[in-house]
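Shown next, in structure tokens, is the structure this report addresses.
The values are calculated or read from the model by the stated rules, or taken from the named source; none is laboratory data. Just so we're clear, the structure is a prediction, and the values are computed from it rather than from any experiment. Because the Cβ atoms are built from the backbone with ideal geometry, glycine has one as well, and the counts that use them run over all protein chains shown.
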Amino acid sequence: MQSIGKSTKRVDAVAKVTGEALYPGDINMPDQAFMKILFANRPHAIIRRIDTTKAEALEGVIAVFTARDVPVNEYGLIMPDQPVLCGPGSSKQFQWSDSGHG
């Protein structure tokens, strides 16, 4: 109870403001893999199919993941109800009747 009501100095404060602290984006290791995310560019779009053949054929590509590979991938602050990977194979597949159109 010694710190209640008192300001407490962060143990990493000096390292962060001087640029000495390492962040995950600063870490590079031998044979490290990198990931790229492709956004749909259309909010609430219905993704009917995804063709990954061109991406998979690129030099250095280890894997391409879609909702078909990771069907249960939802997140949410209170309830995990927002899919990270959308499209065919997602456990949260959009149904036309969900939109109120029939």
Taking the conditions exactly as written (on the phi < 0 side of the Ramachandran plot, surrounded by fewer than 10 Cβ atoms within 10 Å (Cβ to Cβ) and either within 25 Å of the chain's Cα centre (by Cα) or not small (Gly, Ala, Ser) (or both)), does residue 16 satisfy them or not?
no
Look at residue 31 and say whether it is at pLDDT below 90 and over 21 Å from residue 89 (Cβ atoms).
no
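Restricting to the stretch 54-84, name every residue that is β-branched (Val, Ile, Thr) and either touching a Ser or Thr at 6+ places or on another chain (Cβ under 8 Å) or over 19 Å from residue 35 (Cβ atoms) (or both).
Result: 64, 66, 72, 78.
Yes/no per residue for (1) hydroxyl-bearing (Ser, Thr, Tyr); (2) closer than 28 Å to residue 31 by Cα; (3) modelled with pLDDT of 85 or more:
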site: 44; (1), (2), (3): no, no, no
site: 49; (1), (2), (3): no, no, yes
site: 53; (1), (2), (3): yes, yes, yes
site: 58; (1), (2), (3): no, yes, yes
site: 65; (1), (2), (3): no, yes, yes
site: 68; (1), (2), (3): no, yes, yes
site: 72; (1), (2), (3): no, no, no
site: 84; (1), (2), (3): no, yes, no
site: 89; (1), (2), (3): no, no, no
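For the stretch 61-73, check the following and say yes or no: at least one residue is within 17 Å of the chain's Cα centre (by Cα) and of a type in the set (Asp, Glu). Before you say what the answer is, go through the steps one by one.
We begin by selecting, within the stretch 61-73, every residue within 17 Å of the chain's Cα centre (by Cα); these are 63-73.
Those still in the list that are of a type in the set (Asp, Glu) too: 69.
Looking through the stretch 61-73, at least one residue is within 17 Å of the chain's Cα centre (by Cα) and of a type in the set (Asp, Glu).
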Within the set of pairs 6 or more residues apart or between chains, which connect a residue that is among the acidic types (Asp, Glu) inside the stretch 1-25 to a residue that is at pLDDT 90 or above with Cβ atoms less than 8 Å apart?
12/21; 20/14
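Report, by residue number, each residue of the stretch 66-79 that is surrounded by 13 or more Cβ atoms within 10 Å (Cβ to Cβ) and outside any strand (DSSP E or B).
Residues of the stretch 66-79 that are surrounded by 13 or more Cβ atoms within 10 Å (Cβ to Cβ), as a first pass: 66-68, 70-71, 73-74.
If the condition is that a residue be surrounded by 13 or more Cβ atoms within 10 Å (Cβ to Cβ) and outside any strand (DSSP E or B), then 66, 67, 68, 70, 71, 73 are the ones that fit.
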